[in-house]
Amino acid sequence: MKFIHACEDPFQSVELPEVIEEFLDHGTALCMAFNRRGTLLASGTKEGQVVVWDFDTRGVASVLTGHEGPVTSVAWSRNGRHLISGSEDQRVILWSVLDGAQVARVPVPSAVAKVSLSPRAPYVGVVSVAEGPPLLVDLARGAAAPAAGGDCEQRPQVEALPTAGDGSEPASARGTNSGGVALFSRGGEVVIAAYPRSALCVVDTVSRRILDVVRVPARVTELHLNRKGTLLLATCQDQRVRMYDVVIPTHAQQQALPLQVPSEVQLAEALANNKSVKSGSLLHGPEGGLLRHVRDFQNAVERTPWRMAAFSTDSEHVVGAAASKAQLQLYIWNRPLGNMERILEGPKEGALSLVWHPLRSLLLSCAASGRIYIWAKVHAENWSAFAPDFKELDENTEYVEREDEFDWNTPGAGGDLGPSGGNAGADSDSELPCLDVLTRERMQVFSSDEEDNGEAASELLYLPVVVEPEMQAPAREEGDGTEAEGDGDGEEAPDAAAAGGQAWQQQQQQLQQAQAAQQQAMLMQLHGSRLAQFPRRGPGGGGYMVNGAPGPSGGGLGGGAAAQGSEAALGHQQLWPRQLPDAAAVAGAEEAAGEDWRRGGMAGGEEGREAADDMDDGGGGQHAGRKRKVQFDEGALEMWRGR
Amino acid sequence: MARGASSVEFRCQHVFSGHGKAIASVKFAPSGGLLATGSADKTVGLWNLTTGARLRTFSGHAAGISDVAWHPNERYLATAADDHSLKLWDVETGACLRTLTGHTNYVFCCNFDAPGHMLASGSFDETLRLWDVRTGKCLREVPAHSDPVTAVHFSYDGTMLVSSSLDGLIRLWDTQTGHCLKTLFDKDSPPVSFAMFSPNAKYVLCNTLDSRARIWDYERGRTVRMYDGGHVNKQFCLSSGFCTSDLGHWIVTGSEDSSVYVYDLNTQNVVARIPGAATATEQAATDAGGATPMETDAPAATYGTGAAGSAGGTGHTAPVLAVNVHPSQPIIATGGHSPDNTVRVWAASRSVAAE
């Protein structure tokens, strides 16, 4: 049962995304990264901003400004309190996420292509730059006096990673006009670097010694580690994505069994003697080493070149973004089997970046237009969730009603009743297990791979909510297309409460319905009729959808339109009888006229039992003090008359 | 658990009078120092629980207020009102920061999630809405029920939302996706007037209009406790709450007989009953009544101008609609329906003269 899965283990319900559910639009996004729990998303924009999104609300939580060029890469610290960003303005900035302060601001000699942050303080960044080898940047230097060991003090703040092929490959790194790619292992013990000359290097973070060199048959353009840090994806220029097992001992293991660090001589020998080796570790042979090749992922027919690749949450799938600039194409492979399972096709724009939500089966892709598309599974409504005795059938069956099916007081009509359900007091106290209403269970997902229990407490999951006073915009027509760009919140619907009047409301509703339909049609067109059937917001609800929609009428609808919008979107999915808009209008008018207050007049002297019966009766009688119920029934009658 | 069913007494610490109409909702601030009270007189009162002073009055709604919710950081208050809107208030300045419009009928209930970035509201238009607190936009509208929604509550981790309705159903929702996860209803499906998660979100406490309160184990879809030891709940949406302290684990619920009932969470027995003023004189020697005068007189003299419970009456004189439990101490706040219109704060303690 899906519900149980959702409670016990989110991974069991991981399903592949299918359609674009929504997109985020704030600036021209180039790169993005989730924090460890997926509550916050950071994106770097072409305008030089780092935008922190509250992913639960899909709203902008904060905007960090400080870069002067396009932000090309962002990465989080493990506890989510720090964020590193690199930009084409040749700067790396370490941010304190909570207050938006710049903890460190380090210039580097070239435009930054990718950044990676050590998981814990003292923070060290691995910065891949456009020209030259990747750099190790000591970010703790700027904040405080170097408290680390003596050898650290001698080091410059920015230091190039040692390159593997200095002797054997004279034209390495510096000669070519593009740099390598590097990232930290999960625990930060080593740096995995890919050099232009087709080699992956594993470098010890502390000693800066090369631990292993792995030949790759083609140039590596992008690296990606899975969540547990056990698998590495190397996107190569030969239209393949290569997957490696990462066999890197943790710090604790290293102390028990020190890793054999190859000496300079060994390294030089290995490099010199193995020039013919195209693949595999130069030091430990093709089957050994710290990175062991597992499998390639490719499109064997079309030989699609890849921009980058990423693992799904549970590492069971690998998704690759095609490097095409004309079409957003995402290929999803099964990781253990290697077969392709799905192709996602998006709008006619290339993908720049790809991340998978750390907990949920959501895939995010940065498109060339600067939007961040959120891919999700099309939700098939689980009707049995709405009624415990509802059974979903695969095919039609002849139903024979039970003798007492529609009798009143059918036993068991409410599904499984507990021992004390409906007949309280029948059970003696001794049979009742003590209820524990206080103990909260830890999330199993994270405790399994958690070696640092104390750290969870210091994690920053959410940014504090600050509600700025509302700009008192002059009351204007909803949907007049003058909405501000981005996440501007000046789109409060005018306070409809006092305005009351039935005519006004009806007019608004008609307007909204028409516009909602228009928006819907437009978005359908945009996404090839594959828009999620259960959009998170109504098409008019949030600024993102509306703002991003092309066309002259891409203006915003007010918050009030969300209701109509999602109604239109829901359409056939309505399960329960709903109150008609007209009835609501009547209610509004009456409410404005007379003094009424609900908590006081809730069931106004009538048996509560009747509240449920009313729905069944349909006709409904006059119930004193139940104003709303009467209104509903009037509406229902009108509906039937209309049929 | 079995600890003294009769050894607990409640003393009235404060009587807050000043609201002109019935009290719909009382809520302790997350840190416990303040109390917010929403009333049918369209205002929200903010009270200092140490001094008993009224700190502020929030007014701006065009109709009566049905629910009040504290933002977890205590800087903001949300109110749900009959003018079809919700408002966000700055507690410091008393200014209205946002008006959330969209509901097409009375907004009946509201609650923040734990990070405080989302607000859920339930309305007589039978829908649930989720709001982005930062922007005031409606994130989602869920056609949740077929009758007015009487309560919404987030689980402590914000992953789930529970809603209850007069249609007799309790529904659990996935906050992230808006999907219905489960529906709970009893055989007779009496209208559900209130529902909330237990502090660990493993159970749901609900009140139904058959004068019962129940605890559901929603994973198994069963009621595991039922409390029907005398409280009357036939027409109003009474609230209740979990009160857990070293004095015991209790369920506190209001009642239409002007009393407040305190049940033992596990044994389902009535631990204490705070009688209404009408009955207080009769039972002065029993229950909690006997211990109240000394504590009550001081605040009553200072702040109790026009307190309905005059002349020794220490209880409410009308149905107790609103009940809320202090976040850390065994203190409860109760609010009375018209004509009582008072808010009372009660502190539990072990009875000196145990029976």
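We did not get these values from a lab; they are worked out from the coordinates using the rules stated. As the structure is a prediction and not an experimental result, all values here were calculated from the model. As a convention, Cβ positions derive from the backbone with ideal geometry for all residues, glycine included, and neighbour counts pool all protein chains shown.
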Average beta carbon contacts from partner chains per residue of B:108-117, 10 Å cutoff
3
Can you give the FRET efficiency to the nearest 0.05 for A:GLU316 and B:ALA95, using r as the Cβ-Cβ distance and R₀ = 56 Å?
0.65
A:GLU264 label point, 7 Å along Cα→Cβ, cut-off 14 Å on backbone N: hits in segment A:204-223?
A:209-210
Chymotrypsin sites (Phe, Trp or Tyr not before Pro) restricted to DSSP loop in segment A:32-87 with at most 13 other C-beta within 10 Å:
none
What distance in nm separates the two pseudo spin-label positions at B:ASP157 and A:VAL378, each 7 Å out from Cα along the beta-carbon direction?
3.1 nm
Just checking the output field for B:218-228: average partner chain Cβ neighbours within 10 Å of each residue's Cβ?
5
Which FRET efficiency, nearest 0.05, do A:VAL63 and A:THR397 yield, Cβ-Cβ r, R0 45 Å?
0.20
For the pair A:ASP296 and A:GLU131, what calculated FRET efficiency results from E = 1/(1 + (r/R0)^6), where r is the Cβ-Cβ distance and R0 = 35 Å, to the nearest 0.05?
0.75
Three-way shape label, chain B, alpha-carbon gyration tensor, a/c 1.5:
oblate
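Sort A:17-30, A:227-240 by packing, meaning the average of other beta carbons within 10 Å per residue, with the highest value first.
Values: A:17-30: 23.1, A:227-240: 20.4.
Averaged packing, sorted descending, gives the order A:17-30, A:227-240.
When a/c is below 1.5 the answer is rounded, else prolate if a/b is larger than b/c, else oblate, so apply that to segment B:98-200 with a ≥ b ≥ c taken from the square roots of the Cα gyration tensor eigenvalues.
Numbers: a/c = 1.95, a/b = 1.30, b/c = 1.50.
Oblate is the answer for segment B:98-200, as a/c is 1.5 or above yet b/c matches or exceeds a/b.
Find how much the distance from A:ALA218 to A:SER324 grows on full extension, using 0.36 nm per residue of separation minus their present alpha carbon separation; answer in nm with one decimal.
36.2 nm
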